[in-house]
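Colleague: Quick one: this structure, given as structure tokens, is what I'll be asking you about.
The values are calculated or read from the model by the stated rules, or taken from the named source; none is laboratory data. Everything quoted here is computed from the prediction, not taken from an experiment. For neighbour counting, all protein chains shown are included, and Cβ atoms are generated from backbone atoms with ideal geometry for every residue, glycine included.
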Amino acid sequence: MVNRMQFYIDGAWMNPAAPKSMRTINPATTEEMYEVALGSKADVDRAVIAARRAFEYFSQTTREQRLSLLANIIDIYKGRAKEIGDAISDEIGAPLEMAEQMQANSAIGHLATTLEVLKNYSFEERIGSAAVLREPIGVVGMITPWNWPMSQIACKVAPALAAGCTMILKPSEFAPTCALMFAEILHEAGVPKGVFNLINGLGPEVGAAMSEHPDIDMISFTGSTRAGIDVASRAAHTVKRVSQELGGKSPYIILDDADFDKAVSGCVETIFLNSGQSCDAPSRLIVPKSRMAEVAGIAKSVAAGYKVGHPRAAGTHMGPVVNRGQWDKIQGLIQKGMEDGATIITGGLGLPKGIEKGFYIRPTIFANVTTEMTIAREEIFGPVLAIIGAMDEHDAIRIANDTPYGLAGYVFSSSTDRARSVGRLIRAGNIYLQGASLDRAAPFGGYKQSGNGREWGRFGLEDYLEVKSIAGAISAESPSPKR
């Protein structure tokens, strides 16, 4: 078992203020992998002092200096991408190929997109007789999840660096290794000391201390809605900005004119990706009620082709979920779906056939789900799909919006114009038509209890900027951008 007992603070690896640790479990084998130090408020205080001091310098760096840093980070990251993919696979159970090609490489995409945005972004403009400046907000506290660990780190750190902010990162305690690697990459890339700081720890301790800290100007949080509410409540006392990407219960509408084989296959493949552990996963499949049996048959056939097994085994499509707590929660919700009267067409309780240990879930699909059932309302965060029947297009839109969440929505039709019209009526921040993927330059975020603020691209950069109006600053010539 490997020990990972230091934090990265003020440009150096330091021991925690008080000795406390936890052991990280491999979800595929349930064996202990390594011991990780857990931080405290005292560690947060040390990191904030370093970040506040560094902000005085880093906030005044030029665009060219920050572009150079981002380019260095990208180059060094590429050389370690395979190693990072291996770590992600071990920590969260993602199949190795998916961990390397999608999980690890997504960070490169966010870094490269931010670099391109920074090249031409205008930090100063003239509006009427005023000069309007966009300036870095200050010290940012970042709390990231385990399900897409490196992607979520990169899509926060990259724009914060581009804006000229300094930061303290608390990654998930269930996936700390890639965050430690990221700190090593930033150090090698020449990020000045104090600009980026990393503390491992638990939400009720380190996360709470960051949210409440008076010298942290902003919190960027990705995680559950429950935890997001706690973060926002703690942050309210110091009136800091809070940007959140939270839970989801995303609808996948198949209209009556769609190619059902293609559309249903796309939904099943998307909900099963990453073992269903994605905040925008389409966990509610809404279809014409008259075609429920047809849809259920297609979905069952697609699910039958999924191989569940060890993440490093050849041909594995789905690995385990991240830990025992997640496994128990999913099992409980599958049981609730059965008790509520939904028709289980594949999957169910317990470990998949032939697997005796590890936190593996049987890919599960329910048909004839009604909107009041728990599996239609609660975020399951696992490979569990609920198929709901709608009377017509209007009813499908009503069902799609009958949720406190609003992160994503999916629409399939033979007509892109019709799909777009339906997509415009879904109350969610990200709409996917005809199986399309979202461009990383476009904004990502949610409506309602799925969060506020936006990440990715220009919108992600602007989340880390304050706006200042200066009257009386305009001379005969318009001011030139200084940053």
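Colleague: Between residues in the range 207-228 that are farther than 14 Å from residue 170 by Cα and residues that are in a strand (DSSP E or B) and modelled with pLDDT of 95 or more, which pairs lie under 6 Å by C-beta distance while being six or more apart or on different chains?
Modeller: From the range 207-228, the pairs are 217/139; 228/221; 228/244.
Colleague: Kindly provide the set of residues from the range 386-418 that are farther than 30 Å from residue 224 by Cβ, in contact (Cβ under 8 Å) with a residue 40 or more places away in the chain and in a helix (DSSP H, G or I), ordered by number.
Modeller: Those that are farther than 30 Å from residue 224 by Cβ, in contact (Cβ under 8 Å) with a residue 40 or more places away in the chain and in a helix (DSSP H, G or I): 393, 418.
Colleague: Those residues that are surrounded by 20 or more Cβ atoms within 10 Å (Cβ to Cβ) and either assigned to a loop (DSSP other than H, G, I, E, B) or among the acidic types (Asp, Glu) (or both), I need them from the range 427-439; list them, please.
Modeller: Across the range 427-439, the qualifying residues are 428, 429.
Colleague: In addition: Go through 108, 127 for me and flag whichever is modelled with pLDDT under 95 and outside the structural domain of residue 277 (by TED's automatic domain parsing).
Modeller: 127
Colleague: Further question on the same structure: Taking into account only those residues within the range 440-483 that are of a type in the set (Asp, Glu) and at pLDDT 95 or above, which is surrounded by the fewest Cβ atoms within 10 Å (Cβ to Cβ)?
Modeller: This residue is 466.
Colleague: Does at least one position in the range 319-332 carry a residue that is in contact with a strand residue (DSSP E or B) (Cβ under 8 Å, 6 or more places away or on another chain), buried (at least 20 other Cβ atoms within 10 Å of the Cβ), closer than 24 Å to residue 399 by Cβ and aliphatic (A, V, I, L, M)?
Modeller: The answer is yes; a qualifying residue exists.
Colleague: Here is a follow-up. Name the single residue, out of those in the range 357-381 being closer than 13 Å to residue 343 by Cβ and in a loop (DSSP other than H, G, I, E, B), that is farthest from the chain's Cα centre (by Cα).
Modeller: My answer is 370.
Colleague: May I pose another question? Out of the residues in the range 1-52 meeting the condition of being more than 30 Å from residue 361 (Cα to Cα) and charged (D, E, K, R), tell me which one is surrounded by the most Cβ atoms within 10 Å (Cβ to Cβ).
Modeller: 43
Colleague: Does residue 358 satisfy being at pLDDT below 95 and of a type in the set (Gly, Ala, Ser)?
Modeller: no
Colleague: Here is a check on your reading of the model: is residue 73 of a type in the set (A, V, I, L, M), more than 30 Å from residue 360 (Cβ to Cβ), in the same structural domain as residue 464 (by TED's automatic domain parsing) and out of contact with any Gly (no Cβ under 6 Å at 6 or more places or on another chain)? Talk me through it step by step, then tell me what you get.
Modeller: Values: of a type in the set (A, V, I, L, M): yes; more than 30 Å from residue 360 (Cβ to Cβ): yes; in the same structural domain as residue 464 (by TED's automatic domain parsing): yes; out of contact with any Gly (no Cβ under 6 Å at 6 or more places or on another chain): yes.
Yes.
Colleague: Take the residues of the range 5-64 that are β-branched (Val, Ile, Thr) and over 26 Å from the mean Cα position of the chain (by Cα): which is nearest to residue 88 (Cα to Cα)?
Modeller: Per the criteria, the residue is 49.
Colleague: If I go through the range 103-139 residue by residue, how many of them are crowded, with 22+ Cβ neighbours inside 10 Å, of a type in the set (A, V, I, L, M, F, W, C) and in contact with a Ser or Thr (Cβ under 6 Å, 6 or more places away or on another chain)?
Modeller: 2
Colleague: Need pairs with beta-carbon distance below 7 Å; first residue touching a residue at least 12 places away in the same chain (Cβ under 8 Å) and more than 15 Å from residue 50 (Cα to Cα) and within the range 157-169, second of a type in the set (Ser, Thr, Tyr) and crowded, with 24+ Cβ neighbours inside 10 Å; sequence gap 6+ or separate chains.
Modeller: From the range 157-169, the pairs are 158/114; 159/114; 159/464; 160/464; 162/114; 163/464.
Colleague: Suppose we keep only residues that are in contact with a helix residue (DSSP H, G or I) (Cβ under 8 Å, 6 or more places away or on another chain), under 21 Å from residue 310 (Cβ atoms) and of a type outside the set (A, V, I, L, M) within the range 257-275. Which one would you say is surrounded by the fewest Cβ atoms within 10 Å (Cβ to Cβ)?
Modeller: Here the residue is 269.
Colleague: Tell me, yes or no, whether the range 450-468 has at least one residue that is more than 25 Å from residue 154 (Cβ to Cβ) and either in a helix (DSSP H, G or I) or among the aromatic types (Phe, Trp, Tyr) (or both).
Modeller: Taking every residue of the range 450-468 in turn, none turns out to be more than 25 Å from residue 154 (Cβ to Cβ) and either in a helix (DSSP H, G or I) or among the aromatic types (Phe, Trp, Tyr) (or both).
Colleague: Ok, one more. Which one of these is of a type outside the set (Phe, Trp, Tyr), crowded, with 22+ Cβ neighbours inside 10 Å and touching a residue at least 24 places away in the same chain (Cβ under 8 Å): 311, 352? Even if it seems obvious, please write down each step before you answer.
Modeller: Numbers: 352 fails: crowded, with 22+ Cβ neighbours inside 10 Å.
Only one candidate qualifies: 311.
Colleague: For the structure I just gave you, tell me whether residue 125 is of a type in the set (D, E, K, R) and assigned to a helix (DSSP H, G or I).
Modeller: The answer is no for residue 125.
Colleague: If you don't mind, there's one more thing I want to ask. Any idea which residue in the range 301-345 is modelled with the lowest pLDDT, counting only those that are in contact with a Lys or Arg (Cβ under 6 Å, 6 or more places away or on another chain) and either among the polar types (S, T, N, Q) or part of a loop (DSSP other than H, G, I, E, B) (or both)?
Modeller: Within the range 301-345, the match that is modelled with the lowest pLDDT is 315.
Colleague: Something else now. Has the range 286-300 got at least one residue that is assigned by TED's automatic domain parsing to the domain that holds residue 343, among the hydrophobic types (A, V, I, L, M, F, W, C), closer than 27 Å to residue 415 by Cα and in a strand (DSSP E or B)? Before you say what the answer is, go through the steps one by one.
Modeller: The initial filter retains those residues of the range 286-300 that are assigned by TED's automatic domain parsing to the domain that holds residue 343, namely 286-300.
Still in the running and among the hydrophobic types (A, V, I, L, M, F, W, C): 286-287, 292-293, 295-296, 298-299.
Then drop every residue that is not closer than 27 Å to residue 415 by Cα, which leaves 286-287, 292-293, 295-296, 298-299.
This time we only want the ones that are in a strand (DSSP E or B), so: 286-287.
There is at least one residue in the range 286-300 that is assigned by TED's automatic domain parsing to the domain that holds residue 343, among the hydrophobic types (A, V, I, L, M, F, W, C), closer than 27 Å to residue 415 by Cα and in a strand (DSSP E or B).
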